[in-house]
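The values are calculated or read from the model by the stated rules, or taken from the named source; none is laboratory data. Just so it is clear, the model here is predicted, and its values are computed rather than measured. Every residue, glycine among them, receives a Cβ derived from its backbone with ideal geometry; neighbour counts consider all protein chains shown.
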Amino acid sequence: MNRPTRILVTNDDGISSPGLHALAAELAAGGHDVTVAAPSAESSGSSASIIAVEDEGRIHVEERPIEGLDGVRAFAVPGAPGFISMIAAHGAFGDPPDVVFSGVNRGANVGRAILHSGTVGAALTAGINGGRGMAVSLDTGLDPAELHWKHAARMAAGLLPVLLDHEPGTVLNLNVPNSAGTDQPEYRVATLAEFGIVQTTMAERGHQYIRLSVEDTVGEAEEHSDFTLLAAGFAPVTAITAVTESAVPLLQERLRNLVP
């Protein structure tokens with residue numbers, strides 16, 4: 001592209017997230033036309049939800065300056081990241097973006113459990129609306145001593161030329177080890193593991209209530225999965241798609257013979 005790439009940066013951790021700020025700053029430093037629009041409050045686990053808070057049929061969008069992002073317009077939106085990505089595609093923040101970057105998320109997004117991720121949902125929403133998307137996550141673990149947001153932001157920005165080389169609708173999911181080393185980890189193409197880093201389980205069921213808990217996942221993933229490659233210190237990259245149809249053998253025949 002001859003003109004600067006139009007980029008929307010969003011997330012599911014909220015407008016105040018340092019991961020969001022680091023990603024926007026890195027992309028802006030690359031000379032791109034960057035706009036930030038993120039949830040007013042944390043919206044983790046929202047998947048591709050398009051829920052937003054309305055006031056008499058209107059959704060208020062607050063322009064909010066972010067320290068260190070001079071020249072970058074930023075908006076706090078009382079809605080899920082998927083909603084923000086969708087309205088951006090329809091011109092809510094100016095011309096529709098060429099790319100939606102979603103992140104940097106606090107915590108890895110690997111395996112088929114990314115179905116539930118608001119970070120991933122925003123990127124997928126960009127793809128189904130004719131743009132390109134990238135979800136970016138930092139593998140922080142549960143209690144990190146340090147958080148290397150800039151490292152993850154550099155890794156994400158480094159993938160932008162690759163993303164732009166592919167057709168609109170392309171969506172990538174990037175996970176980055178939480179490391180500050182001078183040597184960046186290698187990118188590796190990865191499949192999705194069958195499970196995520198952690199899993200939610202039923203801890204207690206009582207009278208008219210339930211209690212959930214989050215536990216580390218137990219089990220082994222395939223050699224080339226995002227789970228395994230991230231654990232080995234690589235930065236796994238997975239091309240993902242939104243919901244699509246599936247071929248089910250004999251479905252048409254069974255329907256033809258089905259009597260309501």
(message) Among the residues in the stretch 149-158, are any among the basic types (Lys, Arg), in contact (Cβ under 8 Å) with a residue 12 or more places away in the chain and out of contact with any strand residue (DSSP E or B) (no Cβ under 7 Å at 6 or more places or on another chain)?
(response) yes
(request) Return the pairs, sorted by first residue and then second, in which the second residue is part of a strand (DSSP E or B) and at pLDDT below 95, the first residue lies in the stretch 129-145 and is buried (at least 24 other Cβ atoms within 10 Å of the Cβ), the beta carbons are less than 8 Å apart, and the residues are 6+ apart or on different chains. (result) 134/103; 135/103; 136/103; 137/103; 138/103
(request) Taking the residues in the stretch 1-29 that are modelled with pLDDT of 95 or more and over 17 Å from residue 119 (Cα atoms) as candidates, determine which candidate is surrounded by the fewest Cβ atoms within 10 Å (Cβ to Cβ). (result) 29
(request) Could you please give the count of residues in the stretch 112-151 that are of a type outside the set (Val, Ile, Thr), touching a helix residue (DSSP H, G or I) at 6+ places or on another chain (Cβ under 8 Å) and within 14 Å of residue 176 (Cα to Cα)? (result) 8
(request) Please work out which residue is farthest from residue 175 (Cα to Cα), limiting yourself to the stretch 213-228 and to residues that are modelled with pLDDT under 65 and assigned to a strand (DSSP E or B). (result) 213
(request) Just name the residue that is farthest from the chain's Cα centre (by Cα) out of those in the stretch 127-177 that are polar (S, T, N, Q) and closer than 20 Å to residue 232 by Cβ. (result) 140
(request) Tell me which residues, restricted to the stretch 79-102, are in a loop (DSSP other than H, G, I, E, B), over 15 Å from residue 9 (Cβ atoms) and small (Gly, Ala, Ser). (result) 80, 91
(message) Looking only at the stretch 229-256, count every residue that is touching a Leu at 6+ places or on another chain (Cβ under 9 Å) and more than 18 Å from residue 184 (Cβ to Cβ) and tell me the total.
(response) 6
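Any idea which residue in the stretch 68-78 is surrounded by the most Cβ atoms within 10 Å (Cβ to Cβ), counting only those that are part of a loop (DSSP other than H, G, I, E, B) and without any contact (Cβ under 8 Å) to a residue 40 or more places away in the chain?
Just the residues of the stretch 68-78 that are part of a loop (DSSP other than H, G, I, E, B), to begin with: 68-72, 78.
Adding the requirement that they be without any contact (Cβ under 8 Å) to a residue 40 or more places away in the chain leaves 70, 78.
Working: 70: 9, 78: 18.
Taking the candidates together, the pick is 78.
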(message) Can you pull out every residue in the stretch 229-260 that is closer than 22 Å to residue 117 by Cα, at pLDDT below 95 and in a helix (DSSP H, G or I)?
(response) 231
(message) Conditions first: (1) in a strand (DSSP E or B); (2) farther than 22 Å from residue 25 by Cα; (3) β-branched (Val, Ile, Thr). Residue 36 passes all but one, so which condition is the exception?
(response) (2)
